[in-house]
1. I'm checking my understanding of the structure. Among residues of the range 181-203 that are free of Cβ contacts under 8 Å to residues at least 40 places away in the same chain and out of contact with any Gly (no Cβ under 8 Å at 6 or more places or on another chain), which one is most open to solvent (accessible area, probe 1.4 Å)?
2. Filter the range 152-172 down to the residues that are surrounded by fewer than 13 Cβ atoms within 10 Å (Cβ to Cβ) and touching a Lys or Arg at 6+ places or on another chain (Cβ under 9 Å) and list them by number.
3. Of everything in the range 97-125, what is exposed (fewer than 14 other Cβ atoms within 10 Å of the Cβ) and on the phi > 0 side of the Ramachandran plot? Give them in sequence order.
4. Tell me which residues, restricted to the range 225-236, are in contact with a Ser or Thr (Cβ under 9 Å, 6 or more places away or on another chain) and open to solvent by 40 Å² or more (accessible area, probe 1.4 Å).
5. Kindly list the number of the only condition in (1) farther than 26 Å from Lys76 by Cα; (2) at pLDDT 95 or above; (3) of a type in the set (A, V, I, L, M); (4) surrounded by 12 or more Cβ atoms within 10 Å (Cβ to Cβ) that fails for Val145.
6. If you take the residues in the range 119-156 that are of a type in the set (Val, Ile, Thr) and outside any strand (DSSP E or B), which one is farthest from Thr221 (Cα to Cα)?
Amino acid sequence: MRLIASALLTLAFAGSGSLAQAQLLKTRTLKVSYDITLAGLPLGKADLSSSFAGSKYEMEGRAKLTGLAMILTGGKGEASASGTLADDAPPRSSSFAVVSKTSDNQRSVRMGLKSGRVAKVEIDPPLEPRPDRVPVKAVDKRGVVDPMSALLMPAVASKNLTDPANCDRTIPVFDGASRMNVVLSYGETKNVEVPGYSGPVLVCNARYVPISGHRSERPATKFMQENKDIAVWLAPVEGPRLLFPLKVSVRTMIGMGEMQASLWSLEEDGKASLPIRKAVRADEAIEAGAVP
């Protein structure tokens, strides 16, 4: 199992009076813990922390397989990303890095971006040459976001955070090796409860569209291209006015894979702005009759 995540570049405030400005900015931090399952069986856990100060954001993530999956593969990974947000425009990534480890190998990806363009990529060890790997062109590295920053989905400026129009977007993603589009479209709206969040979520259908860097003859690639059973549940995040995944579900070749939030916490300057309350899991809320 490969963790696709991201790099970090901490940007300092510049110019005279920047320290005073930094002290006045409020920092909001969204912390989300996820349970990962495959075919209904526990697979692992992931934790994501995203901080917002003014237009700047920083993200950190950790994932680890548990139980039998951990014994068999030893899989775990760490990632980070940073960049800027501006109104309803896509995130502007600055950098992206990820280290994924298994019991028998490790791979790291580091990527720097500027104005939506990939400036530098380091992959260690390098990917093995394959005859069916689609070459990445220079144009494929322009106007993109890294996979971790892609989780931040600014709301359409003129729309409510949970307006169905917020589902309708195409996210151009480059992970350091491959370029793809994630095409979202509106599916439905549900009311859910998880510890830390209670309210509506947008359920967006998703399609995977490979552009380059993928291996075109792999069965898994062809399966994902034709996969119509992918969905992401987006919950609103006030302040930065964006949506963030509360749940992701993807049908795989061996069953349904899900990453579902078990804890959602939004803090302002270190203080929780949303109460943590006893709640049921999102899928249990729906089964209990949460309205679409």
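The values are calculated or read from the model by the stated rules, or taken from the named source; none is laboratory data. Predicted, not measured: the structure shown is a model, and the values here were computed from it. We place every Cβ from the backbone using ideal geometry, glycine too, and count neighbours over all the protein chains shown. Areas reflect the complete protein model, heavy atoms only, side chains present, ligands, DNA and RNA absent. Shrake-Rupley method; radii C 1.70, N 1.55, O 1.52, S 1.80 Å.
1. Only one residue tops the list, namely Tyr186.
2. Listed by number, the list holds a single entry, Ala157.
3. Listed by number, the list holds a single entry, Ser115.
4. Residue satisfying the conditions is Asp229 alone.
5. With (1) farther than 26 Å from Lys76 by Cα; (2) at pLDDT 95 or above; (3) of a type in the set (A, V, I, L, M); (4) surrounded by 12 or more Cβ atoms within 10 Å (Cβ to Cβ) applied to Val145, the lone miss is (1).
6. The extreme case among them is Val156.
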